[in-house]
Structure formats: C-alpha cells, structure tokens
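Reviewing the structure listed below.
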Amino acid sequence: MTAPWAARTRAMFVGPAFAWLGLTVAAPLGLVFAVSLGEATQGAPPFEWGFSTANYALIFADDLYWGAFLNAARIAGTATLICLAIGYPMALAIARAAPSRRAILLFLVVLPFWTSFLIRVYAWMAMLRPTGLVNGALQGMGLIDEPLGLIANEFAVHLGIVYAYLPFMVLPLYATLERMDPALVEAAHDLGASRTRAFWRVTFPLSLPGVAAGCLLVFIPASGEFVIPDLLGGPDTPMIGRVLWLEFFQNRDWPVACALATTLAALLAVPILIADRLRARAA
Amino acid sequence: MTRARSTLSWLPAALAAGFVFLYLPIVLLVLFSFNESRLVTVWAGFSTRWYGELLGNERMLAAAALSLGVAATAATLAGMAGTLAGYALARLGAFALRPLFALLLLVPMVLPEVILGLSMLMTFSALDRLIGWPAERGFLVVALAHATYGTAFVALIVEARLRGMDPALEEAALDLGASPARAFWRVSVPLLAPAIASGWLLAFTLSLDDLVVASFVAGPGATTLPMLVYSSVRLGLSPQINALATILVFAIAMLAFVSVRIDARVRRLST
C-alpha cells in the first residue's frame, strides 16, 4: 500500500517533522534533565549548570516529595478505576446503540473535553463548597443540618479527575467495542451463555486493549495533575504535580523542580511505552 | 433487532446517568451566570448584569484578545507540523527511527502538563542565554509552546484520516509524473483539508484552554485568559467568571460541532 517513495522524498517529509519534534519535544525534555543536575542560585535564570545528583538525593530523603509521588499514584489509580467503572457501561451502551444515534452520543461524550478544563473544575467548586449547590440542596431537603465537607479533600480530587478525564476513558473503549463482531456475542448466547456470562467471557476479554488504552490515557496525565488538586484538593494530600508547581513558582528552585519532573517522567516512562505499543498495534 | 434484545438492559440508564454527571455542573454554571445575586450559589432572580460587567472588564478583554491571537498562531503552526507528521506516519512506511518519531508524537499528548511547561521554559531560558532571544517571553513564546502541544493532536487526526483514505489517488498523481511534493500539495492536502481543519480547531481550543504551560513560559507582560481566570478563581467564586464560562462553553461547543460535522461529512463522502 505504500507508494514507491524514494529515500530522498521520505527525507523531505520526515526531515522537517522530525526536526520540529526534536526541537520542541526531545530537546526540552533533555534540558529539564540537564538543569536537574545543577544548583539553584540567586541569579537570573536562578540556577547554575552542574553535575550533581544532590537534587535527587533530596527528593528521596524528604517524604514531602516522595510522599507526593505515592499520593499522586494512589489517587490517580483509584480515579482511573472509577472512570473505568463509569465509562465502560457508557461506551458499551453507545457501541450497541442504533448506528444512526452513535455519532451524536459520541459527540455528547467528547463535547465536555472541548470545553475549558479550568471552567469544568470551577463548576465543581461551585457545586461542592460549604455554601454550594449540593450542600444547599441537601439542606433544603432537610437531609443534613450542617454543610458536608465536600471540597478541599481527596473526595473532591477523585471526583474532579473522574469528571475531567471520563471522555479519555470512553473514547478508546468505544473504539474497541464498536469494532467487535456482534456475531461473537450472539454465538455465546446461542451456545447457552447468559448475558452476564457472555459479557464477562466474550465481550470484556476482547475489549482489554481498549481498557488498557483508556486506563493509561487517564492515569498518565492525572498522576501529574495540577489544577484539580490545587482548586479542589486540600493541604493534607499533596500530589506531585502541585508540589512541582509550588517548587517552581514559590520556592523558585528550578533544579529541584526539574529533578521532580525528571523523576515523574521516568516513572511514567513504562506506562507511556505501553500506551505507545498499544497505539502502534491499533494502527 | 436481535442485537437490541441482547443488550444488557440497564446500559441506556447508565449512559443517561453518565450524561447527567457530565452536563449537570455545566448547566448549573450557565444558569447561575444569569443570577442577580453576587452569591453564585443562591438564586435571586434573572439578570444579565454580570455580562455587562464582564464586557467592561478591560483586563479580561485584553487577556481574551491575547489568548485568541496565541491560539490562532499556535493552531496554524501545529496544523502545518502536524499534517507533515501525520502524513509521514500514515504514508511513508517504515522510515528510519519511525518508532522514536511516533513516541515523540505521543509524549506531548500524555505527559503531565507541568513537565511540558517546565521543559518549554527551560528551552526558552537556554535560548535566551545562547542567542539573546526571547528576552521578554510574550505572545510568540506562548504560541510556540502551544504549537508543540497541538502538533501531536493534529498529527493524530491527519494520520487516522489518511489510514481511511485510498492511497490510489496519490499514487495516480505520482504515476502521471507529478513530483512527490506536487502530489502532496495538489492531491493529499486538498483531500485532507477537512481533517486539517478539524485538527486546527482542536489545537485552537487546546491553546485557548491551557493554563499550566502558559503559566510556566509567559513573562510578566503576557497574561492569557486562563491565567487571569485562574488567579480570579483562587480568590473565590465570581459571577463574572460564570458569565465568561457561559460564553466560552457556547463558543467552544459551536467550534466542536463544526469540527465534528466537517469530519462526518468527509467520512460519508469517502466511504
């Protein structure tokens, strides 16, 4: 299917694109690593190049830092599973809807993703505050006397992540489920499997690549999330994205911020490479 | 209709509940932008005063103008780079270092924004030391940072489109003696135009929406709309933000609708 492209022609297309990606993705990430080996100073920019692992030693010695990595992994992990539990039935329902309806249903899932992230988080601030809409409604119905503490805690962060990243879960799930041959499920029914059994023994195993892709697309960015823990979270469970932000904007310590970024990128390398393989296989 | 019966019966209910979850906060946000009271969570009658105040807020208008300009520039750069990259992935087979190429396109889509923003700032800072540019990180710097981010999304859309497209037309152009560059410009690009347009729109909205990357790279003189919204939201809820959110939600919904329509029409025409 590939046209007889001469090597020179390929270079003509690949060259500029590769150069752009090298300059805008690879080189910047390399620089982050380089700066992480340096030392903070009072100058502008506030660091000196160096060749020391002191910043990494600091990260592993101080539980404020490594604890933030663990918190982020735990919270992003739980939120990813909740996303899967909510997103899977949605994706399956869309995949099994009448073909004429699928496009509009899918559009309704994607639309919030287009809408401003910041504004969607802001919307939940209005819902969850002590004087917010949820507490107001519950008090109005006489179910509670005192407002519930719904914001500035882990609950709100989970909710925010699930809300913001749900489309990332539904889309890859839908893509696998929609491609699946319905004859397979029908065959399972014909052979006497109940609906539940047919689902767990046929549909679900066949959709695992979509499950993996969706989980990775939610987990990877969510683990470094800044806006959600900053606006919905509390001080008791720092997540690494916010700690990195504060390190940079409050402490103005570029090398430590870069060491945190390098560590986070290194930790995410494995899930990113798996996502890369899944995408290569799907293509 | 046998398939409809085999559907797990609670699925449509789950889907409806999912949509309520996705849309209820946005609907309430829009509703309360028309609230008379300064308290954004207590209804006190219909009013459009917050829209009036928003339109009189000069800092907000300046930030919006900056953001729109940045987004258009970033989307255009991303559209060009992303089209080339998507074309390379879908049509050029196994070129050297192709796996690395694909990985470099995936990374900006999934890597946390704090890392991307920091890496962009380190680059601009190093460039400033090396060649004295950019001394003041303004419009162009933010647009370039956003373009990087948008490239990956445009490439994804273009690549997917090309995979669904018969290469015979391009091959015919080559057989008839067109140079590869000519075949690309005269055959592939026009066929891809809708995909490029919908990629452009996606890159545009992503840029318009970005807080994190812009906060890292922008100098003191360049405050984008999300940066202003963020600093105002940190101080507390404000009905002006509700009004702004409402405008953005409707504008973006329209852009998304246009983008999806373009995409759907092309799919219908080409299959």
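The values are calculated or read from the model by the stated rules, or taken from the named source; none is laboratory data. What you are looking at is a predicted structure, and each value in this text was computed from that prediction instead of being measured. Note that each Cβ is placed from the backbone with ideal geometry, even for glycine, and that neighbours are counted across all protein chains shown.
A few remarks follow.
- Top-ranked residue in region B:240-267 [being facing another protein chain (nearest Cβ under 10 Å) and in contact with an Asp or Glu (Cβ under 9 Å, 6 or more places away or on another chain); ranked as farthest from B:ALA75 (Cα to Cα)]: B:LEU248
- Selected residue [closer than 20 Å to A:VAL14 by Cβ, aliphatic (A, V, I, L, M) and facing another protein chain (nearest Cβ under 9 Å)] from B:LEU121, B:LEU111, B:LEU105: B:LEU105
- On the stretch given as region A:169-189, residues that are surrounded by fewer than 24 Cβ atoms within 10 Å (Cβ to Cβ) and assigned to a helix (DSSP H, G or I) total 14.
- Within region A:99-112, one or more residues are within 8 Å of another protein chain (Cβ to nearest Cβ), crowded, with 22+ Cβ neighbours inside 10 Å, out of contact with any Lys or Arg (no Cβ under 6 Å at 6 or more places or on another chain) and in a helix (DSSP H, G or I).
- Top-ranked residue of region B:108-132 - restricted to ones that are over 25 Å from the mean Cα position of the chain (by Cα), of a type outside the set (Asp, Glu) and assigned to a helix (DSSP H, G or I), ranked as farthest from A:ALA269 (Cα to Cα): B:ILE131
Rundown of residues vs (1) crowded, with 18+ Cβ neighbours inside 10 Å; (2) facing chain A (nearest Cβ under 8 Å), yes/no style:
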{"site": "B:GLU136", "(1), (2)": "no, no"}
{"site": "B:THR148", "(1), (2)": "yes, yes"}
{"site": "B:PHE153", "(1), (2)": "yes, no"}
{"site": "B:GLY164", "(1), (2)": "no, no"}
{"site": "B:GLU171", "(1), (2)": "no, yes"}
{"site": "B:ALA181", "(1), (2)": "no, yes"}
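- Residue ID - nearest to A:ALA175 (Cα to Cα), chosen from residues in region A:75-98 that are more than 7 Å from every other protein chain (Cβ to nearest Cβ) and outside any helix (DSSP H, G or I): A:ALA97
- Failed condition for A:ALA183, given (1) under 17 Å from A:GLY87 (Cβ atoms); (2) of a type outside the set (Val, Ile, Thr); (3) out of contact with any helix residue (DSSP H, G or I) (no Cβ under 6 Å at 6 or more places or on another chain): (1)
- Within region A:246-283, considering residues that are touching a Leu at 6+ places or on another chain (Cβ under 9 Å) and without any contact (Cβ under 8 Å) to a residue 40 or more places away in the chain, the one nearest to B:LEU106 (Cα to Cα): A:ASP276
This table checks each residue for (1) outside any helix (DSSP H, G or I); (2) at pLDDT 90 or above; (3) over 19 Å from B:SER67 (Cβ atoms).
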position: B:ALA145; (1), (2), (3): no, yes, no
position: B:GLY150; (1), (2), (3): no, yes, no
position: B:ALA155; (1), (2), (3): no, yes, yes
position: B:VAL158; (1), (2), (3): no, yes, yes
position: B:LEU174; (1), (2), (3): no, no, yes
position: B:ALA181; (1), (2), (3): no, no, yes
position: B:PHE184; (1), (2), (3): no, no, yes
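- Among the numbered conditions (1) facing another protein chain (nearest Cβ under 7 Å); (2) surrounded by 22 or more Cβ atoms within 10 Å (Cβ to Cβ), the only one that B:VAL158 does not meet is (1).
- Single condition A:ASP145 does not satisfy, out of (1) surrounded by 18 or more Cβ atoms within 10 Å (Cβ to Cβ); (2) at pLDDT below 90; (3) of a type in the set (D, E, K, R): (1)
- A:ARG120 meets each of the listed conditions (1) outside any loop (DSSP other than H, G, I, E, B); (2) under 22 Å from the mean Cα position of the chain (by Cα); (3) more than 26 Å from B:ALA160 (Cβ to Cβ) apart from (3).
- Output for region A:27-62, where each listed residue is among the hydrophobic types (A, V, I, L, M, F, W, C), assigned to a helix (DSSP H, G or I) and over 16 Å from B:LEU118 (Cα atoms): A:ALA54, A:ALA57, A:LEU58, A:ILE59, A:PHE60, A:ALA61
- Helices (runs of 4 or more DSSP H) fully within region A:199-283 counting 3 or more residues that are under 19 Å from A:ASP63 (Cα atoms): A:240-249, A:254-282
- Of the numbered criteria (1) within 27 Å of A:GLN42 (Cβ to Cβ); (2) in contact (Cβ under 8 Å) with a residue 40 or more places away in the chain, the one A:THR237 fails is (1).
- In the condition set (1) over 20 Å from the mean Cα position of the chain (by Cα); (2) part of a helix (DSSP H, G or I), B:LEU104 is compliant with all but (1).
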